[in-house]
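One structure below.
The values are calculated or read from the model by the stated rules, or taken from the named source; none is laboratory data. Since the structure is predicted, the reported quantities are computational estimates derived from the model, not experimental observations. Neighbour counts run over all protein chains shown; Cβ positions are idealised from the backbone, glycine included.
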Amino acid sequence: MDPAPALYLRQPVGKALSTNRMFSPEEREKDRFFNEFFRPIGLVETLGGPLYSEQGSFAMIALIRGEDRRPFDDEDAARLERLMPHIARALQLRRSFFRIDARSLGLQATLDRLQAGFILLSYEGAALFVNAAMRAIAQRGDGFALDRNGRPLPANVEARQRFDALVDDVAKGGVGGILTVPRSSGRDYVMLVAPAPQPSTRSEWERRGPVGSTVVVHDPEIGAAPTVDILAQGLGLPNGAARLVASLAAADDLKSFAKAEGVTIHTARFHLRAALARTGAKTQAELVRIAVRLLRDFALADSPTRQAKPADVAKPARPGAKATLPDRPAPKN
């Protein structure tokens with residue numbers, strides 16, 4: 001109901017004007033907002049103007065006085081106009097910082113959902129970011145630790161020397177490489193060391209200096225995400241066909257799937273034909289490639305701290321449904 005903001009935003013950016021100049025005494029006496037809200041709370045005049053208006057975003061500033069203050073004059077308007085460009089710049093910077101912060105938090109949350117451990121190292125070797133999966137790997141104390149700067153420390157001496165050599169190679173402009181890190185239980189970790197992207201804030205001269213590293217750690221023992229649900233929804237497969245495709249993607253065949261599910265080989269082939277028809281794949285191998293690409297891109301952990309164990313069995317989704325492992329159908333007892 002306040003008519004002033006719309007009129008203020010029609011003024012040139014950086015122009016300050018008082019409502020006593022914008023509205024005549026007759027207009028103020030007839031205005032419902034002025035008489036039913038503004039004056040009853042002790043206010044009588046506003047001095048304001050637009051700070052900026054660009055790409056559908058705008059801002060304005062207003063100073064409001066009561067009857068105990070003198071009316072705004074031209075000198076007050078001139079003082080405010082001198083401040084308005086600085087206030088506008090501060091607001092624009094604030095909006096930019098919020099956008100950068102939101103993007104940073106979003107990217108960090110995405111990396112925290114990855115099943116693989118991820119570390120971003122500066123060229124000095126200190127960790128700029130460590131995702132939840134990598135922190136969980138280090139907390140297990142089985143092959144890895146993180147020093148006080150967040151830098152990964154393989155427990156195996158040869159692996160640590162190889163890792164340090166790859167980080168040094170990247171800092172000098174190399175491409176890095178892959179190594180394995182032994183552990184006391186389970187298959188070895190696989191680690192990738194590669195150059196980190198250069199910050200856009202660094203100057204051209206700074207970009208010629210040492211380069212930071214991105215480190216990715218694959219844990220072959222980690223439990224998989226709910227692959228059946230991903231395949232069913234992503235490829236539009238019936239539940240039986242999705243379980244079959246999940247089994248095939250895990251390197252099983254029709255016979256082992258049929259045995260694990262307690263169904264005949266004819267039922268397994270029926271699910272295969274349904275999966276081929278829904279995906280448009282011509283062969284079983286093509287079907288598996290489609291599924292593996294989808295699962296690779298959607299390789300997000302259920303929870304950053306949850307570590308699935310071989311004995312973990314999901315609860316049935318409905319009465320009579322079969323319990324399944326997170327990554328493949330569970331065999332019947």
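Descriptive notes on the structure:
- Only listed residue being assigned to a helix (DSSP H, G or I), touching a helix residue (DSSP H, G or I) at 6+ places or on another chain (Cβ under 7 Å), at pLDDT 60 or above and more than 17 Å from residue 235 (Cα to Cα), chosen from 274, 268: 268
- Failed criterion for residue 33 (all others in (1) crowded, with 16+ Cβ neighbours inside 10 Å; (2) touching a Pro at 6+ places or on another chain (Cβ under 9 Å) hold): (1)
- Condition met for residue 54 (surrounded by fewer than 14 Cβ atoms within 10 Å (Cβ to Cβ), under 26 Å from residue 91 (Cα atoms) and out of contact with any Pro (no Cβ under 8 Å at 6 or more places or on another chain)): yes
- Residues in the stretch 241-271 that are crowded, with 19+ Cβ neighbours inside 10 Å and either aromatic (Phe, Trp, Tyr) or farther than 30 Å from residue 140 by Cα (or both): 241, 242, 243, 244, 245, 248, 257, 258, 260, 261, 268, 271.
- On the stretch given as the stretch 90-127, residues that are more than 13 Å from the chain's Cα centre (by Cα), closer than 28 Å to residue 189 by Cβ and surrounded by fewer than 13 Cβ atoms within 10 Å (Cβ to Cβ) total 1.
Residues checked against (1) at pLDDT 90 or above; (2) among the hydroxyl-bearing types (Ser, Thr, Tyr); (3) assigned by TED's automatic domain parsing to the domain that holds residue 175:
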| residue | (1), (2), (3) |
| --- | --- |
| 201 | no, yes, yes |
| 236 | yes, no, no |
| 257 | yes, no, no |
| 278 | yes, no, no |
| 293 | no, no, no |
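- Those residues of the stretch 128-140 which are under 18 Å from the mean Cα position of the chain (by Cα) and surrounded by fewer than 18 Cβ atoms within 10 Å (Cβ to Cβ), in sequence order: 128, 129, 135
- Every residue from the stretch 157-177 that is surrounded by 18 or more Cβ atoms within 10 Å (Cβ to Cβ) and over 30 Å from the mean Cα position of the chain (by Cα): 159, 162
- The numbered conditions (1) in contact (Cβ under 8 Å) with a residue 24 or more places away in the chain; (2) among the polar types (S, T, N, Q); (3) in contact with a helix residue (DSSP H, G or I) (Cβ under 8 Å, 6 or more places away or on another chain) are all true for residue 92 except (3).
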